[in-house]
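Notes to accompany the following structure.
What follows is calculated from the coordinates using simple rules that are stated; it is not laboratory data. Model, not experiment: these values are computed from the prediction. Cβ coordinates were reconstructed from backbone atoms using ideal geometry, including for glycine residues, and neighbour counts include every protein chain displayed.
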Amino acid sequence: MLRRYTERMIPRSSLVLLLTFVLPYGASAETTSRVRVLDARLKSLFDHGLTQSPTLRAQVDKVEASSILVFVDGDMRMPERLGAQLTFVTSVNDVRYVRVDINVMLPPRRQIALLAHELQHALEIADRPEIQDVEAMELFYEDAGFQSFDDGRHRGFETEAALEMQEAVE
């Protein structure tokens with residue numbers, strides 16, 4: 001589920017500052033994973049999923065070979081209609097940064113399947129260098145996918161490829 005939202009500006013601003021000022025001086029993208037799981041329990045689950053699912057491993061390998069950085073975090077307060085969501089954060093020096101939030105109240109197997117689903121969306125973005133901001137991402141998904149919800153403040157989009165990836169890992 002892709003989602004555009006503006007109500008979480010403080011966490012987004014903090015992440016943008018981190019990406020802009022800290023990362024260029026820290027570990028290079030060549031030595032650090034492009035999938036960065038911030039939540040410790042979700043990281044353990046992710047590592048276990050990598051050992052159990054060749055499909056998830058292949059998905060992560062594709063992300064590692066791309067020009068996108070995916071920050072994954074757990075969310076205990078995610079609305080019931082969502083299991084996970086990807087948010088476009090920024091683009092710096094041709095590297096796109098996205099955030100994936102996973103509903104950690106779901107069963108572990110479902111969390112991993114949803115992570116694979118969101119990684120598919122990250123790859124869809126990575127494969128299109130013209131996607132450099134939220135507006136370009138929305139334009140792409142209006143053409144390539146379908147709108148899954150619109151609550152007046154946010155619009156969510158979906159693709160068949162992401163749904164198939166989720167089913168393959170589930």
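Using a Förster distance of 30 angstrom, determine the FRET efficiency expected from the C-beta separation of Thr55 and Thr90, and round it to 0.05. Efficiency computed from Cβ-Cβ geometry: 0.55. Return the percentage of antiparallel bridges among DSSP beta bridges fully within the range 51-101, rounded to the nearest 5 %. In the range 51-101, approximately 55 percent of DSSP beta bridges are antiparallel ones.
For the range 103-109, putting each phi into the Karplus relation 6.51 cos²θ - 1.76 cosθ + 1.60 with θ = phi - 60° gives couplings of 6, 7, 8, 7, x, x, 4 Hz, in residue order, rounded to whole numbers and with x for Gly and Pro.
The value obtained for the range 110-165, namely the Cα convex hull volume divided by the number of residues, is 89 Å³ per residue.
For the range 148-164, putting each phi into the Karplus relation 6.51 cos²θ - 1.76 cosθ + 1.60 with θ = phi - 60° gives couplings of 9, 6, 8, 9, x, 10, 9, 10, x, 10, 9, 10, 4, 4, 5, 5, 5 Hz, in residue order, rounded to whole numbers and with x for Gly and Pro.
Once backbone amide H atoms are built at 1.01 Å from N, Gly74 has Asp39, Ile102 as its partners under 5 Å, excluding neighbours fewer than 5 places away on the same chain. Distant-in-sequence amide contacts of Leu69, defined by a placed amide H-H separation under 5 Å and a gap of 5 or more residues or a different chain, comprise Arg96, Tyr97, Val98.
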